[in-house]
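Q: First the structure, which I've put down as structure tokens, then a few questions once you've had a look.
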Amino acid sequence: MAFNASPLIITFFFIIFNFLSSKCSSNGNPTVPAVFVFGDSLVDVGNNNYLPFSIAKADFPFNGIDFQSKKPTGRFSNGKNAADFLAEKLGLPTSPPYLSLLLKKSKGSFLNGVNFASGASGILSGTGLSLGIVIPLTKQVDYYTTRVYKDLVQKLGSYGTNKLLSKSLFVTVTGSNDLLSYSRSSGLRKKNTPQQYVDSMTLTMKTQIKRLYAYGARKFLFPGLANVGCAPSQRLKSKAEECNEEVNSLCAKYNEGLKLMLQQLKSELRDINYSYFDTYTVLQNIIQKPAAYGFTEVKAACCGLGKLNAEIPCIPVSTYCSDRSNHVFWDMVHPTEATDRVLVNTIFDNQSQYIYPLNMRQLIAA
């Protein structure tokens with residue numbers, strides 16, 4: 001009987017590649033073979049560009065004005081976002097938008113990971129629908145389990161795929177849009193108390209994490225929600241331009257629920273490992289002591305029109321600040337490239353008061 005060695009050869013070279021790539025990265029720390037990103041506009045790198053019936057897009061000026069190409073890319077930012085900086089820190093190219101690869105039918109591109117994030121989406125499937133088609137977290141996980149995982153198995157075999165995924169990083173950045181929807185919807189508030197609504201978010205998140213786990217995911221990074229009530233769009237509602245503490249309270253409540261859920265999940269799935277990043281506290285530090293981080297403007301958006309540049313979104317007829325590096329917020333809700341750089345740098349500083357129970361070095365090595 002003929003002996004077909006090709007699957008064994010592929011697996012062998014895949015293991016060697018993993019070993020070599022784990023020894024170096026752009027910052028000298030061990031890296032991971034791939035990064036899979038799930039979430040909303042904070043980490044969307046262009047998926048919504050491919051949604052014809054969505055108005056939640058950033059494929060127009062002045063978005064991307066500080067990107068390498070000086071052109072809009074679909075990122076809700078003046079330049080790079082958190083997904084880009086995470087990839088840089090891990091020594092990998094930015095995970096490409098899933099929908100772009102779907103159209104190109106490029107299976108091999110999944111080897112370094114893929115980005116499923118969709119602007120305006122949330123943990124709950126109903127979030128963002130007022131803006132047209134978006135990709136909620138559940139659907140993003142569907143894409144991973146029904147397409148990406150199967151394509152990896154076809155290319156690497158089951159052993160090679162599970163080896164890749166067990167060492168890869170799964171990042172989930174979502175939830176802000178769910179809470180903003182709740183805060184402005186009398187219907188949602190009548191049906192659910194704040195605790196009930198947050199509980200539904202954490203339960204849905206837990207279900208999706210377990211689905212990812214069933215398809216090979218073992219290492220997770222969970223940035224908690226920032227104090228979204230301090231975004232220009234929320235300060236706009238206050239005559240004194242103060243943060244919306246009702247929204248901030250919802251964010252803090254969700255973060256507590258997420259941390260508790262992750263602890264419970266770890267007891268159920270012993271070989272799962274995760275890092276929780278306290279985005280809320282770090283952004284609060286930036287807002288309270290901006291000069292220490294190189295910022296001068298914490299209230300107004302850089303790009304927009306009206307009070308705090310937040311009455312009109314960042315669109316081609318808007319104005320924008322000449323120095324984006326000193327603004328915390330790019331538009332009425334999204335951070336600048338400079339802010340995202342600070343946040344991601346803090347993730348990799350391995351300070352235990354901000355990232356736990358494992359810091360990034362420990363998570364990568366797990």
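Q: Of all residues in the range 126-145, count the ones that are assigned to a loop (DSSP other than H, G, I, E, B) and farther than 18 Å from Arg184 by Cβ.
A: Count: 3.
Q: Please pick out the residue among Leu51, Leu92 that is open to solvent by 10 Å² or more (accessible area, probe 1.4 Å), within 23 Å of Thr138 (Cα to Cα) and of a type in the set (A, V, I, L, M, F, W, C).
A: Within the list Leu51, Leu92, the selection yields Leu51.
Q: Say we look at the range 43-83 and pick out the residues that are touching a residue at least 60 places away in the same chain (Cβ under 8 Å) and not in a loop (DSSP other than H, G, I, E, B); which of these is nearest to Asp340 (Cα to Cα)?
A: Going through the qualifying residues, I end up with Ala82.
Q: What is the number of the single condition among (1) under 15 Å from the mean Cα position of the chain (by Cα); (2) more than 29 Å from Leu203 (Cα to Cα) that Ile65 does not meet?
A: The single condition Ile65 does not satisfy is (1).
Q: Looking only at the range 155-194, how many residues end up being in a helix (DSSP H, G or I), closer than 23 Å to Leu129 by Cα and open to solvent by 30 Å² or more (accessible area, probe 1.4 Å)?
A: Step one: list which residues in the range 155-194 are in a helix (DSSP H, G or I), which gives 155-167, 176-184, 186-191, 194.
When the remaining residues are screened for being closer than 23 Å to Leu129 by Cα, the result is 176-184, 186-191, 194.
Remaining after also requiring open to solvent by 30 Å² or more (accessible area, probe 1.4 Å): 177, 184, 186-191, 194.
Count: 9.
Q: Now for a separate question. Going through the range 301-358 one residue at a time, which ones are touching a residue at least 60 places away in the same chain (Cβ under 8 Å) and of a type in the set (Asp, Glu)?
A: Glu311, Asp331, Glu337, Asp340
Q: So which helices (runs of 4 or more DSSP H) are wholly in the range 253-366 and hold at least 1 residues that are under 17 Å from the mean Cα position of the chain (by Cα) and of a type in the set (Asp, Glu)?
A: 337-347
Q: Another one. Would a scan of the range 263-270 turn up a residue that is open to solvent by 10 Å² or more (accessible area, probe 1.4 Å), at pLDDT below 95 and farther than 21 Å from Ala58 by Cβ? It would help to see each step written out before you state the result.
A: Restricting attention to the range 263-270, the residues satisfying the condition of being open to solvent by 10 Å² or more (accessible area, probe 1.4 Å) are 263-264, 266-270.
Next cut, at pLDDT below 95 only: 270.
Narrowing the set further to residues that are farther than 21 Å from Ala58 by Cβ leaves 270.
Yes, there is a match, as at least one residue in the range 263-270 is open to solvent by 10 Å² or more (accessible area, probe 1.4 Å), at pLDDT below 95 and farther than 21 Å from Ala58 by Cβ.
Q: Without any contact (Cβ under 8 Å) to a residue 40 or more places away in the chain, under 18 Å from the mean Cα position of the chain (by Cα) and over 29 Å from Asn255 (Cβ atoms): which single residue out of Pro93, Pro136 fits that description?
A: Testing whether each residue is without any contact (Cβ under 8 Å) to a residue 40 or more places away in the chain, under 18 Å from the mean Cα position of the chain (by Cα) and over 29 Å from Asn255 (Cβ atoms) leaves just Pro93.
Q: Can you pull out every residue in the range 339-366 that is farther than 19 Å from Val35 by Cβ and crowded, with 22+ Cβ neighbours inside 10 Å?
A: Of everything in the range 339-366, just one residue is farther than 19 Å from Val35 by Cβ and crowded, with 22+ Cβ neighbours inside 10 Å, namely Thr339.
Q: Can you say whether Lys259 is over 20 Å from Pro61 (Cβ atoms), modelled with pLDDT of 95 or more, out of contact with any Ser or Thr (no Cβ under 9 Å at 6 or more places or on another chain) and open to solvent by 50 Å² or more (accessible area, probe 1.4 Å), as far as the supplied structure shows?
A: On the way: over 20 Å from Pro61 (Cβ atoms): yes; modelled with pLDDT of 95 or more: yes; out of contact with any Ser or Thr (no Cβ under 9 Å at 6 or more places or on another chain): yes; open to solvent by 50 Å² or more (accessible area, probe 1.4 Å): no.
It is false that Lys259 is over 20 Å from Pro61 (Cβ atoms), modelled with pLDDT of 95 or more, out of contact with any Ser or Thr (no Cβ under 9 Å at 6 or more places or on another chain) and open to solvent by 50 Å² or more (accessible area, probe 1.4 Å).
Q: Looking at the range 226-283 only, could you name the residues that are touching a helix residue (DSSP H, G or I) at 6+ places or on another chain (Cβ under 8 Å), within 17 Å of Tyr356 (Cβ to Cβ) and of a type in the set (Val, Ile, Thr)?
A: Of everything in the range 226-283, those that are touching a helix residue (DSSP H, G or I) at 6+ places or on another chain (Cβ under 8 Å), within 17 Å of Tyr356 (Cβ to Cβ) and of a type in the set (Val, Ile, Thr) turn out to be Ile272, Thr279, Val282.
The values are calculated or read from the model by the stated rules, or taken from the named source; none is laboratory data. No experiment lies behind these values; they were computed from the predicted model shown. In this analysis, Cβ positions are derived from the backbone assuming ideal geometry, glycine residues included, and neighbour counts consider all displayed protein chains. Heads up: the accessible areas ignore ligands, DNA and RNA and are worked out on the full protein's heavy atoms, side chains in. Shrake-Rupley method; radii C 1.70, N 1.55, O 1.52, S 1.80 Å.
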